[in-house]
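The values are calculated or read from the model by the stated rules, or taken from the named source; none is laboratory data. Keep in mind the model is a prediction, meaning the values are calculated, not measured. Glycine also receives a Cβ, built like all others from the backbone with ideal geometry; neighbour counts cover every protein chain displayed.
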């Protein structure tokens, strides 16, 4: 194992981040493990113009859900709303259960096989957090799709091979 | 590639490669630990690196930088000198490896035209502020060391990155910094990682530091002039991280007028987000329909007045190309690869990671080793490792297909101390017929019914996100 580790540490094209899995984006267009939170954006089921910003903090599992204008989600009545449940379920699809559980520091994951199982193991409470940070990260995320293509070669991308064709 | 050529390639590492890489490792360990508290052992390693470049024009600056850093004073210029010394060492390793590969393959390579022109930087000074912002983040990283990286330090790159992305002339730097920041973010807090990608992160850090020098990258390839002729595609190499994808087509250009055919590359890159993966990637590149159709339909391309950079890169203009006759890349490789002139490598691009030489391998027996299902090709008694990790999700190649193959078109690469073959296409017997499968087969959409079905079920990620962007971004 030590030889494997030494060899990996000397690889220029070593894979560090496991590839994310494809999932349907219609309900939850954005999920990320960043800034010490599992956070994302959930599209409203009733109003196409409205989105909910949902997050769960690493370690404490404090959760929050509000509209992007900071109006609290009506579904938060002492327990996580359906937006938070959808967020966790989609995060499990995208990153895999282990990675989400490890990131959130959820103990005793034995037997957990779905986002719902992870939700049952959260021990946090509702704590308001500003939606603006997460929402602006979502807008930034969307802004990538507005950048123009380029035909100038980017030699730096040789460090980032496309990988993962195991079907 | 013949058995004898493989034997020559694998006949021990070229002299000096191991020693040079040991010096690089010494620097990389220092960066993992942070230059703020170097310690005697790591200071000695840096001094050894300075010693290796002492006789070069870098010698004096690097020597001074190592002295200052060991004494606890880490200035911008010192870090730049160290990054330069590291790049020089890896450049020498690149040259030794590529020289060995060219000799084994009997490949003729163009000479580099000389030092870059001394023309003043053409970029506006305004972008130097952005480069400065980038350098200060890299400076912070170097002081802290990878093991000290936390969420706050990663997030500190955010604003700089936004500004870099908005500036088309700084796209290379932006793509690189974004890739590094995403890996650090996913690894936070880094001190809890079981193993550190020390070589990789030091590569990315040093490259970013050189790219963000005031006035910009001095060694950017320059147009050697427009070319016209027939482009015969060999295959397509796909590069990808969370927010960028690049397809790089390798081919042989037969210049109009009958000059020597040349090995060339042409690339198209697009920004993306991490949830756009698999065959959907091609949808981001629809601005180049002629190129994508040539990949999917395996056709040659007739090109007119495309700028050819002295690095061997054709700057693609889709409106200057027309689809030609069907052309089998395996036939192109058999006929054209031997006599084609390979491009020179610009000095600052010389790093082992960018060695990617197209070859055709056949007459082997493929073996699957149990451990991690690694595939090797036995060619005349020598084993060539296949980099089956490097098969993109946007194409139909799989490790199983490679293991069942009888011929493979691929890129010879070198990483982690050894040579590997990255498949771009294979010929394999499927149901008693020999079928060719290429990375670019799905450029116009997947052709495998199972994949088409899965795609339809998942929905169009690009369309969903564009709809959301249209509704939410401009308000």
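Here are some notes:
- Residues in region B:15-42 that are more than 27 Å from the chain's Cα centre (by Cα) and surrounded by fewer than 17 Cβ atoms within 10 Å (Cβ to Cβ): B:36, B:37, B:39, B:40, B:41.
- Selected residue (criterion: surrounded by the fewest Cβ atoms within 10 Å (Cβ to Cβ)) from residues of region B:266-284 that are out of contact with any helix residue (DSSP H, G or I) (no Cβ under 6 Å at 6 or more places or on another chain) and more than 7 Å from chain A (Cβ to nearest Cβ): B:284
- Condition met for residue B:354 (surrounded by fewer than 21 Cβ atoms within 10 Å (Cβ to Cβ) and within 10 Å of chain A (Cβ to nearest Cβ)): yes
- Matching helices (runs of 4 or more DSSP H) fully within region B:377-475 where at least 1 residues are on the phi > 0 side of the Ramachandran plot and more than 13 Å from chain A (Cβ to nearest Cβ): none
Residues are listed down the side, and each one gets a yes or a no for (1) within 14 Å of another protein chain (Cβ to nearest Cβ); (2) assigned to a helix (DSSP H, G or I); (3) over 20 Å from residue B:104 (Cα atoms):
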| position | (1), (2), (3) |
| --- | --- |
| B:6 | no, yes, no |
| B:11 | no, no, no |
| B:15 | no, no, no |
| B:25 | yes, yes, yes |
| B:37 | no, no, yes |
| B:43 | no, yes, yes |
| B:50 | no, yes, yes |
| B:57 | no, no, yes |
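- Identity of the residue in region B:244-259, over 15 Å from the mean Cα position of the chain (by Cα), crowded, with 24+ Cβ neighbours inside 10 Å and farther than 19 Å from residue B:426 by Cβ, that ends up nearest to the other protein chains (Cβ to nearest Cβ): B:253
- Some residue of region A:29-38 being more than 8 Å from chain B (Cβ to nearest Cβ), modelled with pLDDT under 90 and out of contact with any strand residue (DSSP E or B) (no Cβ under 8 Å at 6 or more places or on another chain): no
- Checklist (1) under 28 Å from the mean Cα position of the chain (by Cα); (2) within 24 Å of residue B:244 (Cα to Cα) applied to residue B:379, failing item: (2)
- Residue B:431 meets each of the listed conditions (1) surrounded by 11 or more Cβ atoms within 10 Å (Cβ to Cβ); (2) modelled with pLDDT under 90 apart from (1).
- Take the conditions (1) closer than 30 Å to residue B:413 by Cα; (2) at pLDDT 95 or above; (3) out of contact with any helix residue (DSSP H, G or I) (no Cβ under 8 Å at 6 or more places or on another chain); (4) surrounded by fewer than 17 Cβ atoms within 10 Å (Cβ to Cβ); residue B:114 misses just one of them, which is (2).
Yes or no, residue by residue, for (1) surrounded by 20 or more Cβ atoms within 10 Å (Cβ to Cβ); (2) touching a helix residue (DSSP H, G or I) at 6+ places or on another chain (Cβ under 6 Å):
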position	(1), (2)
B:297	no, no
B:301	yes, yes
B:304	no, yes
B:307	no, no
B:315	no, no
B:320	no, no
B:341	no, no
B:359	yes, no
B:364	yes, no
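- Selection status of residue B:196, outside any helix (DSSP H, G or I), under 22 Å from the mean Cα position of the chain (by Cα), under 21 Å from residue A:9 (Cβ atoms) and not assigned by TED's automatic domain parsing to the domain that holds residue B:306: yes
- Identity of the residue in region B:158-170, in contact (Cβ under 8 Å) with a residue 40 or more places away in the chain and in a helix (DSSP H, G or I), that ends up nearest to residue A:145 (Cα to Cα): B:165
- Any chance residue A:140 is within 14 Å of chain B (Cβ to nearest Cβ), surrounded by 13 or more Cβ atoms within 10 Å (Cβ to Cβ), out of contact with any helix residue (DSSP H, G or I) (no Cβ under 9 Å at 6 or more places or on another chain) and assigned to a helix (DSSP H, G or I): no
- Test: residue in region A:93-102 that is under 27 Å from residue B:236 (Cβ atoms), part of a helix (DSSP H, G or I) and at the interface with chain B (Cβ under 10 Å from one of its Cβ atoms): yes
- If the condition is being touching a helix residue (DSSP H, G or I) at 6+ places or on another chain (Cβ under 7 Å) and without any contact (Cβ under 8 Å) to a residue 40 or more places away in the chain, then region A:79-88 contributes only A:85.
- Tally, over region B:148-157, of residues that are surrounded by 15 or more Cβ atoms within 10 Å (Cβ to Cβ), in a helix (DSSP H, G or I) and either more than 8 Å from chain A (Cβ to nearest Cβ) or within 24 Å of the chain's Cα centre (by Cα) (or both): 3
- Here the condition is being within 27 Å of residue A:5 (Cβ to Cβ), at pLDDT below 95 and either more than 14 Å from every other protein chain (Cβ to nearest Cβ) or buried (at least 19 other Cβ atoms within 10 Å of the Cβ) (or both); of B:199, B:185, B:207, B:195, it holds for B:185 alone.
- Flag if residue B:287 is touching a helix residue (DSSP H, G or I) at 6+ places or on another chain (Cβ under 8 Å) and free of Cβ contacts under 8 Å to residues at least 60 places away in the same chain: yes
- Some residue of region A:47-61 being assigned to a helix (DSSP H, G or I), in contact (Cβ under 8 Å) with a residue 24 or more places away in the chain and away from chain B (no Cβ under 13 Å): no
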